Every structure is written in structure tokens, then in C-alpha cells.
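Asker: The structure is given below, and queries will be raised subsequently.
What follows draws every value from the coordinates through simple rules; no lab data is involved. What you see is a predicted model; the values in this text were computed from it and never measured. In this analysis, Cβ positions are derived from the backbone assuming ideal geometry, glycine residues included, and neighbour counts consider all displayed protein chains.
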Amino acid sequence: MKTQESGMDRLVITGGKALQGTISIGGSKNACLPIIAAALLCPETLLLKNIPRLSDVSSMVQLLLHLGCSVKTDKKNIYLQTDTLATEDAPYDLVRKMRASVVVLGPLLGRFGKARISLPGGCAIGARPIDLHLKGLKLLGAEITLEQGYVSAVVPNGRLIGADIDLDFPSVGATQNLMMAAVLAEGVTRIRQSAREPEIAQLADCLNAMGADVRGAGEAIIEIHGKSRLHGAEYSIEADRIQGGSYAMMVAATGGQAFLRGMKLEYLGQAQGVLASAGVEMQQEDGGISVQASAINPIDIVTAPYPGFPTDLQAQLMALLCLAEGRSSITEKIFENRFMHVPELQRMGADIQLMGDTAIINTTPVTDRPRLTGAEVMATDLRASFSLIMLGLVAEGTTTVQRLYHLDRGYENLTEKLCTLGADVVRKSHDAS
């Protein structure tokens with residue numbers, strides 16, 4: 001599966017236009033990645049629909065191909081079948097491209113009883129260790145060793161055994177890995193303080209369609225009754241809530257009005273109320289949501305696991321609050337390095353001060369505030385990239401965003417969608433003048 005654009009391009013933005021029109025919100029990246037890995041759990045075909053064309057999806061597909069999975073694509077559909085395992089080894093060259101690839105560990109151990117996977121290491125927004133994954137898999141009966149940057153795991157008795165697992169933190173990745181390992185384990189597994197994100201519920205729905213018995217997904221305790229075998233199934237990925245929230249804030253920032261096809265307000269959890277308080281007016285309609293804003297309001301928020309305000313919308317909210325009248329604050333409690341976009345926003349005239357894990361956004365009345373002006377900026381991670389584009393769309397002059405390979409990981413057909421909404425944006429190749 002190829003992505004639609006080259007990752008080394010840059011985006012040139014001329015600000016000042018209100019976004020108007022209709023765009024479609026693509027399938028959820030964070031849901032489809034573990035669901036693709038779930039194809040390792042059965043020998044029959046798993047048909048997944050509404051798959052977004054993103055570089056992260058391509059990386060996961062390449063990893064499954066390496067492991068021995070047969071892959072066929074048809075427009076937005078992907079057919080996955082894993083009769084036998086070609087190798088249990090997930091090498092560094094594949095895993096380093098995307099941290100989420102570690103979720104193949106659970107299904108490999110659950111079905112085949114062995115796996116060797118490169119440690120994913122750190123990332124731009126902070127270290128995200130997999131100790132919770134490994135602790136839970138050990139409780140299920142896996143023997144795990146760490147050597148030379150790899151996790152080597154084996155199930156000595158041939159089949160994992162159900163267990164009660166108490167997570168120290170509601171980790172999404174650990175919850176997904178343990179769910180997929182447990183569906184083929186003998187007996188009952190209970191995952192306490194599990195992640196509650198909608199993507200967890202989507203994974204459970206897909207697993208249940210494959211014949212698993214997963215109960216309580218989306219709640220604090222997930223109960224899994226292990227099965228000896230799963231079967232093929234069809235499953236359609238729901239719209240990406242982070243992408244939908246991102247575009248909603250972008251439209252509001254420009255003072256525009258748009259319809260986001262496929263998006264549902266319920267996907268946003270408490271973020272719906274936060275955005276409403278900030279002045280983003282959203283209304284559920286048939287087939288999607290309508291978005292507009294009259295004025296942006298200052299607010300104070302703290303990121304938190306779902307249903308709290310997601311860290312994946314933090315950078316975009318910061319860009320939006322640069323347009324409010326008054327003082328706002330954002331406290332980041334999930335990742336320790338997720339304010340690296342602040343210096344780039346400051347280059348465009350944003351008044352942001354960092355105090356530990358809190359960012360203070362100061363704005364004055366429109367008539368008194370310094371102008372936001374276009375600048376050369378550099379994307380530091382996926383969501384930060386979008387925040388720079390947001391501010392570029394309202395800043396005076398031209399903004400150039402470099403390192404668009406971050407954006408290609410999570411925003412499908414971004415340039416096309418922005419142009420559809422009337423934005424003045426041009427994507428240029430690395431070698432173009």
C-alpha cells in the first residue's frame with residue numbers, strides 16, 4: 001500500500017482565507033494499526049474496509065508481509081491472510097519506522113507461541129517504554145528476555161494461560177497487545193485499568209467478529225474468555241477522531257464553516273466540551289458534523305487518557321488558543337517532550353511561555369496584539385505539524401512547513417483537503433525551488 005505523497009516535501013501556505021466546504025474524515029489510523037496486526041491471529045482472511053492511505057499503515061503492512069502474511073489491496077480495502085509464519089523476527093529496520101508495530105508481539109505469542117521483536121526505542125515526543133506490555137505477557141505465561149536491542153519471547157507450554165493483569169497506567173499499546181494475546185489464551189483474562197479509547201473498542205469489535213469473546217472494551221476492566229481458534233471476518237474502520245478534531249479546530253481558527261463527513265461527536269469524548277468552551281461550534285448532523293466559530297475563548301486544560309482531553313490534540317489546541325483573547329494554559333501529562341512545537345509557533349509571533357509541563361498562551365485584544373506572521377518552520381512530530389499549518393492559515397504572509405513526512409503518517413490527502421476548503425496551500429517537492 002503506497003501513500004499518496006512524498007515525505008520530504010514542504011508545504012507553502014498563504015494565510016488569510018476562511019475555510020469553507022465539505023471534506024471526508026478518513027479511517028482511524030490508531031484503530032487500524034492494531035487491527036491489521038490482528039490478522040496474525042487466524043489462518044483465514046481478514047477483510048478490513050475504510051483503510052486510510054498513510055505511511056504508518058504502509059509500514060505495518062510491510063511488517064506483516066515480512067512475517068509471512070499475504071496482503072492484497074483494493075481501493076480502501078485490504079485483505080490479510082496468515083496461513084503460516086515465515087519468521088517470528090521483526091527487525092529494527094521495520095520496527096523503527098513506527099512505534100505501533102510493537103503490537104504484533106501479542107498476536108504472535110498468542111497464536112504461534114514465539115516472537116523476536118526489536119525494541120522501538122524513544123521518539124520525538126518522549127520515551128514510551130513497553131514494560132507494561134512485557135509485564136502483562138509474563139503474567140500470561142510468556143518467558144521474555146531482552147538482548148541486543150530485541151525482545152525475545154516464547155510460550156514454553158505452547159499456549160498462554162489467562163490471568164488477572166493490573167496495568168500501572170492505562171496504556172493503549174499495552175492494552176491492545178494483551179487483548180490480542182489473551183483471545184487465544186486458555187481461560188479468562190482480566191485487564192484492569194485498561195485504556196478506554198474508542199480505538200480499544202474498535203479492536204474488540206474486530207476480534208469479536210473473528211470469533212473472540214472480549215467483554216467490557218471501553219471500560220476500566222476488560223474481560224477476555226480465550227478461544228482455541230479464531231476465524232476470518234470483515235470489519236470497517238471508523239472515522240479518525242483525532243483527524244476530525246484537528247480539522248474542526250482548523251476551520252474554527254480561520255473563522256470558516258465546514259462539514260466533516262463521517263465524523264461523530266461521540267468519538268471526541270471530553271474533548272467535545274473542551275473545544276466547545278474554546279469557541280468551536282460543532283453540531284452532529286446526518287452523515288457527519290458541521291463546524292464553525294464566531295470567537296475563540298481562552299481556556300485551561302490538562303491532557304489525560306481517554307475520556308479526558310487527548311494529548312494528540314494538544315498542539316492543535318495550542319495553535320487555536322493563540323487566537324483567543326486572554327490567558328490560556330495547557331498542561332501536558334502524557335508525554336514529557338510534547339512541547340517541541342512551541343519554538344516554531346513562537347517564530348510566527350505566538351506569545352507562549354513554558355513552565356515545566358505547562359504552556360501559558362498569552363493573547364491581548366485583537367487591536368493591541370502583535371501580528372502573527374508567516375515564517376519558515378519545521379515540523380517536530382505528527383500533531384505538531386498540523387498546529388503549524390493551522391497558524392500558517394491565519395498568519396499574515398507566507399509560511400513554509402518543512403519535514404512533511406510527519407504529516408504523511410496521520411493525515412490522508414492533506415493538501416487536497418485543504419484546497420477543497422479553499423486554503424491557499426501548495427505542496428512542493430524537496431528539489432523544487
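Asker: Treating the beta-carbon of each Lys and Arg as +1 and of each Asp and Glu as -1, no other charges, what is the dipole magnitude of the range 236-339 about its Cα centre, to the nearest 20 debye?
Answerer: On the way: 6 positive and 11 negative charges, 28 e Å.
Charge dipole of the range 236-339: 140 debye, to the nearest 20.
Asker: Continuing with the same structure: Would you mind checking which residues have amide H under 5 Å from residue 166's amide H? H placed 1.01 Å from N; only 5 or more apart, or other chain.
Answerer: 192
Asker: Suppose only helical runs count, i.e. DSSP H with n ≥ 4. What mean residue ellipticity at 222 nm does that imply for the chain under -39500 (n - 2.57) per run, divided by all residues and rounded to the nearest 500 deg cm²/dmol?
Answerer: Numbers: 13 runs with 120 residues, N = 433.
Per the formula, -8000 deg cm²/dmol.
Asker: Also: For residue 148 and residue 266 in the same chain, what is the full-extension length gain: residue separation times 0.36 nm, less their Cα-Cα distance, in nm? Could you put the intermediate results ahead of the total?
Answerer: Working: separation 118, 0.36 × 118 = 42.48 nm, distance 4.40 nm.
Taking residue 148 through residue 266 to full extension adds about 38.1 nm, to one decimal.
Asker: Using the charge dipole of the range 29-236 (Lys, Arg: +1 at Cβ; Asp, Glu: -1 at Cβ; taken about the Cα centre), state which of 195, 43, 222 has its Cα farthest towards the positive end.
Answerer: 43
Asker: Cut-off is 10 Å between beta-carbons; in what order do 419, 322, 69, 32 appear when sorted fewest neighbours first?
Answerer: On the way: 419 15, 322 27, 69 22, 32 30.
By the 10 Å Cβ count, ascending: 419, 69, 322, 32.
Asker: Next question, about the same structure. With a/c under 1.5 counting as rounded, go ahead and sort the range 29-236 into rounded, prolate or oblate using the C-alpha gyration tensor (a ≥ b ≥ c being the square roots of the eigenvalues; past the cut-off, prolate if a/b is larger than b/c, else oblate).
Answerer: In terms of gyration-tensor shape, rounded.
Asker: Let me ask another. How many percent of DSSP beta bridges within the chain run antiparallel, rounded to 5? Don't jump to the answer; show the numbers that get you there.
Answerer: Working: 55 of 79 bridges.
Looking only at bridges with both residues in the chain, the antiparallel portion is about 70 percent.
Asker: Continuing with the same structure: Could you pull out every residue, at least 5 positions away or on a different chain, whose amide H is within less than 5 Å of the one on residue 90? Hs are placed 1.01 Å off N in the peptide plane, and Pro or chain starts have none.
Answerer: 116, 117, 118
Asker: Measuring from centroid to centroid over Cα atoms, what is the spacing of the range 127-147 and the range 222-281 in Å?
Answerer: Here the answer is 30 Å between Cα centres.
Asker: Give the order of 309, 259 when sorted by the count of other beta carbons within 10 angstrom, beginning with the fewest. Intermediate results must be reported in sequence, preceding the final value.
Answerer: Working: 309 27, 259 18.
Exposure proxy ranking, most exposed first: 259, 309.
Asker: Provide the packing ranking of 59-67, 142-150, 289-297, i.e. peptides ordered by the mean count of other C-beta atoms within 10 Å per residue, highest first.
Answerer: Details: 59-67: 20.1, 142-150: 12.9, 289-297: 18.3.
Descending mean neighbour count gives 59-67, 289-297, 142-150.
Asker: What is the set of long-range amide H partners of residue 171 at a cut-off below 5 Å, with H atoms built 1.01 Å from backbone N?
Answerer: 195
Asker: I would also like to ask the following. Relative contact order for the chain using alpha-carbon pairs under 8 Å, separation at least 6, rounded to a whole percent?
Answerer: Details: 1074 pairs, mean separation 93.4, N = 433.
Computed over the chain, the figure is 22 percent.
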